[in-house]
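Reviewing the structure listed below.
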Amino acid sequence: MHECSNKHLGLEKTGRLASALLTTCCALVFFSSAIAQEDTSVEVSGEITAVAGSVDGEFEADADARLKVESSRIFDSGLELGGVLEARVDGDMPQQYWAGGRYSGLLSGGSRGVGPLEGDAFLQSAYAYLKGGFGEISIGRDNGIASQLAVTSPTVFRAIGVNDWKSDLSNLNDIQTVNDFSGYSTKLTYMPPANFLGGIIGGLQVGVSYSPELKECDEELCAPVTGGAPAPAGQALMRNSSWRDVVEAALYFERGIGDPENDIRLGLGASYITASEDVGNAPAGFDDYQSYALGLNVAIKGFTLGGSVKNTNVGLDVRDDDAYLAFDAGITYETGPWGFMLGYGSSDASRDAASPLDPSFFRETELAQAGVSYVFQQGVTLGAAAQFVDSDKPDSLGGQEEKTSIIFESSIKF
């Protein structure tokens, strides 16, 4: 019986690996054939971001790079067939996406992409898409619709920020309001044509994504970044534990109000994600994953004011599905090449847990940031920011910590 179970598990893993390889190979074949076609367009883009600064008097630095290749062909019927490959180098990105906060949450979400477990380079996206009068359908490794249509507080930086950061020199920012549990797992996404409803809600874009399964928790991949047991106290996630059948629904609405000279623009984003629990031996303390997020931005005459909130049970059996709550708010002002920002964020992890959890789940975070940036015509951005973060953790994880940072950021897009 034990031997048959292991064999079945091995076949499942082999099947998932074969599926990932098939998706990548199909994308590579598409690109190879597309480049050979004269009527096929190929676009190459990318971004490199570097940050450095002083964190409580200590020098810290980080860098992130992405390279994207997109090829597409428009047929006589009006249909557009395309594919995307995107590679990324990022030392701060864990192997799997977080269920709640970047540090406090289980890393039980979708994979970051395809690549070796040990290393900072990986293939993040590999998917094909079809566009037409029906909208757009994509299949392969890509971020979900909840992440694609997310709205957060405005910022003038690419990597450092109150929320959804690429670089965190303090190693304390646990604030995450983007609903991105599925990561870059293999999925199917559909978006109807933009403005398909017309009328007063003509600026509405909606979409749905479906991921059949996320990565299993073997090799303790689901443990939080801070370490500790990836499960309620006294229990463990088994090697064949995961969350499956991830369904995402999201909308984005944008509309101008007033006359063109004094136009006020509203941007609203909302999303909901659910995933089915598939935990080995069904230990108590786990449940189906649920999360929702909401964001709003208002822009007028160079000013943008907005914020966002996310609430999730992080896949745990907790009262009122409240295990992680985060929000951010901020304002920016842009005039010519100059940009200024002021932002604040807060998060509370596992505040209402019904069962005893490993201490690494418990964390309260507050962060404030102010900064300025300058955009050059060559696509280069330079910026500087002051950041203060307060993290209240269990004594076993260092207790309460406060850090003040002066950070410089430089990015180039091509």
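The values are calculated or read from the model by the stated rules, or taken from the named source; none is laboratory data. Every value quoted in this text rests on a predicted model; they were computed, and no experiment measured them. So basically every Cβ, Gly included, is an ideal-geometry build from the backbone, and we count neighbours across all protein chains shown. Note: accessible area is taken over every heavy atom of the protein model, side chains too, but ligands, DNA and RNA are not part of it. Shrake-Rupley method; radii C 1.70, N 1.55, O 1.52, S 1.80 Å.
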Looking at this structure, is residue 145 at pLDDT 95 or above and open to solvent by 10 Å² or more (accessible area, probe 1.4 Å)? no
Scan the range 177-192 for residues that are over 8 Å from the mean Cα position of the chain (by Cα), open to solvent by 10 Å² or more (accessible area, probe 1.4 Å) and more than 11 Å from residue 127 (Cβ to Cβ) and report the count. 3
State all residues of the range 329-340 that are farther than 10 Å from residue 305 by Cα and either in contact (Cβ under 8 Å) with a residue 24 or more places away in the chain or part of a strand (DSSP E or B) (or both); if no residue qualifies, say none. 334, 335, 337, 338, 339, 340
Checking the conditions here, which among 414, 388 is open to solvent by 70 Å² or more (accessible area, probe 1.4 Å) and at pLDDT 95 or above? 388
Selection count, the range 81-100, where residues are over 18 Å from residue 141 (Cβ atoms) and either open to solvent by 40 Å² or more (accessible area, probe 1.4 Å) or modelled with pLDDT of 95 or more (or both): 2
Among residues of the range 107-163, those that are assigned to a strand (DSSP E or B) and among the aliphatic types (A, V, I, L, M), counted: 8
By residue number, the members of the range 53-90 that are more than 18 Å from residue 128 (Cβ to Cβ) and of a type in the set (Phe, Trp, Tyr) are 59
